[in-house]
Amino acid sequence: MVVVKLVARRLIAAVLLLLVLSLLTYALLALSPGGPERALLGDRPATPETIAAIRAQFLLDEPFPVRYWHWLSQALTGDFGTSITVRQPVISMLSERVNVTVTLALLAAVVTLAVGIPAGLAAGIRRGGRLDRSITLVSLVFLSFPPFAIALVLLYGFAIQLRWFPVYGTGDLSHYVLPAIALALGPAAVLTRHTRAAALQVGEQDYITFARARGLSRFGIWESYLLRNSALPVLTIAGLIIAGYLTGAVFVEQAFSLPGLGSLLVQSVTQKDIPVVQALVLLSGVVVIVANLLVDVAYVIVNPQIRQGRA
Amino acid sequence: MATSSQADVLDIAHGFNGPSTFVQSSVLQSPVALDADGQIVPQLAKAWTQPTPDTYVFELRDDVVFSDGTPMTAEDVAFSLERHLDPAVASQAAGLLTAVESVRASGKHEVTVDLKFPTQAFLASAPMVWQVVPKSLAEAHPQDLGTPEVGVIGTGPYKVTKFSLTDGIVLEANSEYWGPKPAIERVKVVAITDPEAMRLAISSGSVDGTSFIPPEDARKWTDMKGVDTRFFAGNSIASIYLNVQDPHLSDVHVRRAIAHAVNTEAVQRLVVGDQAQPAQTIVTVPQLKALYGDDFEEVTSDLPSYPYDLDAAKSELAKSEFPDGFEMTVNYSSGSESADALQAIAADLSTIGIEVVLNPVPDDAYWSTLMRHEDLTIGITDLGYGSADVGELLPDFLTSTGAKAEGFNFSQYSTPEMDAKVTEALSLTGDARKLVVTDILTEVADQALYVPLYSTNAGIALNERYAGDIGVWTRDYFSAIRPVDQ
C-alpha cells in the first residue's frame, strides 16, 4: 500500500515537473541569441524569399506563448514534431539513438556496480589496511581523470595497439565495452567511496559487534547486517549515477563516435533545433524521475522501517 | 569513408553542407559537371547552346535511367531546377539561382532555361545545385526529400541502399548507370566527429579514407604509416573584413593602415598552420586560375598591396582623421580558432595606436549578430566555394545584395557603380571579363575593403590499398577511387 501511494503521488508530481521543465527549456532556447535559421539556410547566402518562407514555416515570427502552445498541443497528442535541421520525425530520431544510449548506460551501470560496490565494501571492512589504501588511491586517480581522456587512452591502447575492440561506431556489444569502461570508471570511483563510507559507518554499529560476539559467520554478518544496512546511501548514489549515464555521456559518445542521445542534445542545442531539444529534455526528465522513483521504491523494499512508515 | 559529421539530408535543397554533398555527388547528377580543370562539361546533357545571352538550351542524353529503372525525362530535369525557385521548398540552393527566370521542358530530350539577366554564374553553379531527381518524388516531398524516411533516387554511379543518421550510409554501384561502372562496388560512409578518433580510425585501417582533415593537424596525418595523405589548393578564401560603415573604418587611410599592420603570415600560422597558400586578393586561387590561366599571379601582383610594415601603417594612419589612433571593439566567437589570430592582430594594431578591445561572444550569439550585420568592425571570415567561376564569389563580397542581412558582404561596401561592375563581370566572357574583374579587384585593394589572408588547402587521406585522382574539382569521390591492385 505504501508503495502504491508513493508511486501515485510521484506520478502527479512528475507530470507537473515535466510541464515546468518543457516551458523552461522552450523559454531558455527562445531567449538565447540566434535561431535555427543558420542551420536551415545552409552554408550559402540565402534569398529574402527563402528566409521569409522559413520564418513562416517554423513560426519564428510568432510571439513566444503562441509557439510554445503550438508545440505543447502537438506534444500532448504524442506528436513531437519534425527536426528542423535534418527533417526527420523527432520520435524516430530518438528511437534510433535510444538503443545506443541504453546499451551503453546498462553496460556502464554493470561495470560501475560490479567494480564500485565490492571495492567499497572491501576497503570499508579492512579500514586502514593496505587494500583500503590501494583502493582509495586508485579511486582517487579515476575520479581525477576526465572521461574523454580515459576514452582516448583506452582507444589508443585497446583498439589501435592491441586491436581487441573496434575503433568507432555501433554494432555488436564489443563496440560498447571501451565506451562503457571510459564512462564508468569515474562514477565507479564515486560509488566505491560512498560504499566504503557506508560500510565503515555500519561496521561501527553495536549490532555488528554484537553479531560478532554471538559468533555469527562472517558471511552471515555480511548478508544479514552489513549489506542491507549500507544499501540505502549506496542505492541513492547508484540511482543518480545510472540516470546520469542515460543523459550525460556526451564526451564519451563523441570520442567513440557513438550516435547517442548526449551528442544529439549538444548538436540540437547549438543548432536551436527546438523540437529535438524539447523531446530530449523531457526524456531526460522522465529518466531522472523514474530513476528516483525506483530508488525510493527500493528503499521501501530494503528497509522495513520505511515500509512501516516509522522512519 | 568517413565524414566529420553525419551527412543528414541527401538533397541539395536542405542538405547544402560538406558531409551531405560528399555523398550526394556520387548519387545525384546534373546536366553539366566539372572536369579536372574546373571547366563545365556535359553530363546528363549531351550538349548545350546559348541562343541568346540569357537563354540556355540543354540537349539531354536519351539513355539515362534512374536507379529504380524509370527513364529520366525532360520534365524530371526541368522540375529538378524549378523546385529550388519555389519559396515553399525554402531551398538552401536558391541563393545561387536568383538569376533563373524560368525552366521548361522544351522537347522530348530538351530543357530550356531563361535567365533574368545574362550571367556566367548560372552555368557555373549548375553542377552543384541542379541535382536531377524524379519529378514525382520531388513533388511529393518538397520538404523531406533525401531524408532517411523518404530517401532519394538519382542517375549517378551509386545508389543509396541504407541511410541512417546513426549507423551511416551504404551506397552500392547502380546497375542501371549509363556511364562506366565504378571500381568499388560498395561504399560505407560513417561519421566520426572527434578529429583524433577519426585519425586513429584511418590509421588503424578500420576506415579507408576521408576528405575531412583539419589543416592544423596536417603533420600528424602526413606522418601516418600505411595512409597516403595529400593536400591541394582549396577553393576557399580567408580574409579580414573592414566595415566601411564604422565611424573609424569609413576612413580609407585607417583601413590601409590596418592592412599594413596585419601580419598575414602570422595569422595564417595561428589559424591553419602550414597547409594554406597566402592570398593576394579576395578571389580563390582555383577561381583565379580558371579566369586568368596559370599566369594569374601576373595580375594579382599588380594589384595595390599592403605588405606588413608598421612604419608604413603609422604614416597611413597619420594621413587619416584619427592620426593619434582610436579604440575599437571587436566581437569574436569564443570557440573559434581565430581567437589567437585576433589577439596577434590586436597587438600589432596597438603599436600604431589603434586599441582593439576583444569581446568574446558565445558561438551562436556571434553568428547571429554577424549575419544580421550588427556591431561589425573587423573580423576574420573563411568562405568556401563550389565552382571555378568568380561570379559565385564577387556578389557575396561586394554587392548591395550581399550587404543585406544574411549576406556575406561584411565590409558593407555597396555602391551602384560596384553593383554595375559585378553584374557586367557576370555577363561577360573572355578578355573583356578579365578586364572588368581586374578593375573590380583593383578597386577592392585600393579601398582596402578586405585584407586577403590565405586559401586553406583541402586534403584527402586514403589507405595505401586505394588510389584516386582527386583534386579541388572532384565531386564524385567514390567513383574516383580504385583499389591499387586493379
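The values are calculated or read from the model by the stated rules, or taken from the named source; none is laboratory data. None of the values given here were measured: they were computed from a predicted structure. With ideal geometry, Cβ positions are generated from the backbone for all residues, glycine too; neighbour counts draw on all protein chains shown. The protein model used for the area step is the full one, side chains on, heavy atoms only, and it has no ligands, DNA or RNA in it. Shrake-Rupley method; radii C 1.70, N 1.55, O 1.52, S 1.80 Å.
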Query raised in the report: Which one of these does A:VAL66 not meet: (1) closer than 25 Å to B:SER368 by Cα; (2) assigned to a helix (DSSP H, G or I); (3) open to solvent by 70 Å² or more (accessible area, probe 1.4 Å); (4) away from chain B (no Cβ under 13 Å)?
Result: (3)
Query raised in the report: Taking the range B:225-244 as the region of interest, how many residues are within 15 Å of B:LEU370 (Cβ to Cβ) and not small (Gly, Ala, Ser)?
Result: 4
Report task. Output the residues belonging to the range B:320-358 that are within 15 Å of B:ALA261 (Cα to Cα), touching a Gly at 6+ places or on another chain (Cβ under 9 Å) and open to solvent by less than 40 Å² (accessible area, probe 1.4 Å). Result -> B:GLY325, B:PHE326, B:LEU342, B:LEU349, B:ILE352, B:GLY353, B:ILE354
Query raised in the report: Any idea how many residues of the range B:290-317 are without any contact (Cβ under 8 Å) to a residue 12 or more places away in the chain and farther than 19 Å from B:ASP439 by Cβ?
Result: 3
Requested in this report: State all residues of the range B:265-295 that are buried (at least 21 other Cβ atoms within 10 Å of the Cβ) and part of a helix (DSSP H, G or I); if no residue qualifies, say none.
Outcome: B:VAL267, B:GLN268, B:VAL271, B:VAL285, B:PRO286, B:GLN287, B:LEU288, B:ALA290
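Look through A:ASP132, A:ASP61, A:ASP79 and report the one residue that is modelled with pLDDT of 85 or more and open to solvent by 50 Å² or more (accessible area, probe 1.4 Å). Step through it out loud before you land on a result.
Details: A:ASP132 fails: open to solvent by 50 Å² or more (accessible area, probe 1.4 Å); A:ASP61 fails: modelled with pLDDT of 85 or more.
Matching residue, one of A:ASP132, A:ASP61, A:ASP79: A:ASP79.
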Report summary line: With criteria (1) without any contact (Cβ under 8 Å) to a residue 24 or more places away in the chain; (2) facing chain B (nearest Cβ under 7 Å); (3) open to solvent by less than 70 Å² (accessible area, probe 1.4 Å), A:GLY35 comes up short on (1)
Query raised in the report: So which of B:GLU417, B:GLU424 is away from chain A (no Cβ under 14 Å), part of a helix (DSSP H, G or I), in contact with a Lys or Arg (Cβ under 9 Å, 6 or more places away or on another chain) and surrounded by fewer than 18 Cβ atoms within 10 Å (Cβ to Cβ)?
Result: B:GLU424
Requested in this report: From B:GLY407, B:GLY353, grab the single residue that is out of contact with any strand residue (DSSP E or B) (no Cβ under 6 Å at 6 or more places or on another chain), without any contact (Cβ under 8 Å) to a residue 60 or more places away in the chain and either more than 30 Å from B:PRO19 (Cβ to Cβ) or assigned by TED's automatic domain parsing to the domain that holds B:VAL129 (or both).
Outcome: B:GLY353
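With the range B:109-214 as the region, which strands (runs of 3 or more DSSP E) entirely inside it contain at least 2 residues that are over 21 Å from B:ILE470 (Cα atoms), within 12 Å of chain A (Cβ to nearest Cβ) and of a type outside the set (Lys, Arg)? Outline the logic, then answer.
Numbers: elements: B:110-115, B:158-164, B:168-173, B:186-191.
Qualifying strands (runs of 3 or more DSSP E): B:158-164.
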Query raised in the report: Name the residues in the range A:95-114 that are within 12 Å of chain B (Cβ to nearest Cβ), among the hydrophobic types (A, V, I, L, M, F, W, C) and either surrounded by fewer than 18 Cβ atoms within 10 Å (Cβ to Cβ) or not in a helix (DSSP H, G or I) (or both), would you?
Result: A:VAL98
Report task. Kindly provide the set of residues from the range B:65-108 that are within 14 Å of chain A (Cβ to nearest Cβ), open to solvent by less than 30 Å² (accessible area, probe 1.4 Å), aliphatic (A, V, I, L, M) and at negative phi, ordered by number. Result -> B:VAL89, B:ALA93, B:ALA94, B:LEU97, B:ALA99, B:VAL100
Query raised in the report: Among the listed residues A:ILE54, A:ILE117, A:ILE84, which satisfies the condition of being within 14 Å of chain B (Cβ to nearest Cβ), touching a residue at least 12 places away in the same chain (Cβ under 8 Å) and in a helix (DSSP H, G or I)?
Result: A:ILE54
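From the list A:LEU23, A:LEU11, exactly one residue is in contact (Cβ under 8 Å) with a residue 12 or more places away in the chain, at negative phi and open to solvent by 50 Å² or more (accessible area, probe 1.4 Å). Which is it? Can you show your working first?
Details: A:LEU11 fails: in contact (Cβ under 8 Å) with a residue 12 or more places away in the chain.
Going through A:LEU23, A:LEU11 in turn, the sole match is A:LEU23.
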Query raised in the report: Does at least one position in the range B:270-278 carry a residue that is on the phi < 0 side of the Ramachandran plot and touching a Pro at 6+ places or on another chain (Cβ under 6 Å)?
Result: yes
Report summary line: Counted residues in the range B:34-63 being assigned to a strand (DSSP E or B), of a type in the set (Gly, Ala, Ser) and surrounded by 19 or more Cβ atoms within 10 Å (Cβ to Cβ) come to 1
Query raised in the report: Can you find even one residue in the range B:212-234 that is within 25 Å of the chain's Cα centre (by Cα) and under 30 Å from A:SER92 (Cβ atoms)?
Result: yes
Query raised in the report: Among the residues of the range A:232-272, how many are away from chain B (no Cβ under 11 Å) and not in a helix (DSSP H, G or I)?
Result: 2
